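A.B. asks: Questions regarding the structure given below will be posed in turn.
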Amino acid sequence: MSTRLFTSPMFLGFDHLEQMLERASKTSSDGYPPYNIEQTSPSGLRITLAVAGFTMDDLQITQEDNQLVIRGRQNDDTQGRVFIHRGIAARQFQRAFVMAEGIEVKGAWLDSGLLHIDLARPQPASKVRTIRIGKPGAVVDGEANEE
């Protein structure tokens, strides 16, 4: 049973935020691969995933609506090999991050087993708009004002 967070009439138009929170709760709770999120500047973020053993061809980054999805799939090259001990994971993964509206992916690179993804968070501009109050039936700013 889900609890709706934004049921108050004071929260107008926050349906998309509730959907993003639901997506975030459905993302895998598996800790693989481990990752860091750091602030690189007042408006910059960097996600770093530890993906040792993966090549650029094994990794895929997609942005689906407000969700950043990183997938990894290694080719199974163990055929004909005999392992005495196998402790290095060679498994596929999917890691998803729900991003706020307006966050942009600036770039990604793979370096020494670490996948780095740079994001930019635009600083919101403060907007003030005065709404004129008109008489019933009068046209205000191109729209009819009705009771």
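A.B. asks: So which pairs qualify, if the first residue must be in the range 58-87 and free of Cβ contacts under 8 Å to residues at least 24 places away in the same chain and surrounded by 10 or more Cβ atoms within 10 Å (Cβ to Cβ), the second must be small (Gly, Ala, Ser) and assigned to a loop (DSSP other than H, G, I, E, B), the Cβ gap must be under 9 Å, and the two must be at least 6 apart or on different chains?
C.D. replies: Within 9 Å, the pairs are Gln74/Gly53; Gln74/Ala90; Thr78/Ala90.
A.B. asks: Hey, another quick one. Would you check which residues across the range 33-47 are touching a residue at least 60 places away in the same chain (Cβ under 8 Å), in a strand (DSSP E or B) and either touching a Leu at 6+ places or on another chain (Cβ under 6 Å) or of a type in the set (S, T, N, Q) (or both) and list them?
C.D. replies: Once the filter is applied, which keeps residues that are touching a residue at least 60 places away in the same chain (Cβ under 8 Å), in a strand (DSSP E or B) and either touching a Leu at 6+ places or on another chain (Cβ under 6 Å) or of a type in the set (S, T, N, Q) (or both), the range 33-47 yields Tyr35, Thr40, Leu45.
Yes/no per residue for (1) surrounded by 12 or more Cβ atoms within 10 Å (Cβ to Cβ); (2) modelled with pLDDT under 90:
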{"site": "Phe93", "(1), (2)": "yes, no"}
{"site": "Phe97", "(1), (2)": "yes, no"}
{"site": "Ala100", "(1), (2)": "no, yes"}
{"site": "Leu110", "(1), (2)": "yes, no"}
{"site": "Leu114", "(1), (2)": "yes, no"}
{"site": "Pro122", "(1), (2)": "no, yes"}
{"site": "Gly134", "(1), (2)": "yes, yes"}
{"site": "Val140", "(1), (2)": "yes, yes"}
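Residue-by-condition table, conditions (1) touching a strand residue (DSSP E or B) at 6+ places or on another chain (Cβ under 9 Å); (2) assigned to a loop (DSSP other than H, G, I, E, B):
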residue: Leu49; (1), (2): yes, no
residue: Phe54; (1), (2): yes, yes
residue: Asp57; (1), (2): no, no
residue: Gln63; (1), (2): yes, no
residue: Leu68; (1), (2): yes, no
residue: Thr78; (1), (2): no, yes
residue: Arg81; (1), (2): no, yes
residue: Ile84; (1), (2): no, yes
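The values are calculated or read from the model by the stated rules, or taken from the named source; none is laboratory data. Just so it is clear, the structure is predicted and the values come from calculations on it, not from any experiment. Positions of Cβ are generated from backbone atoms using ideal geometry, with glycine treated the same way; all protein chains shown enter the neighbour counts.
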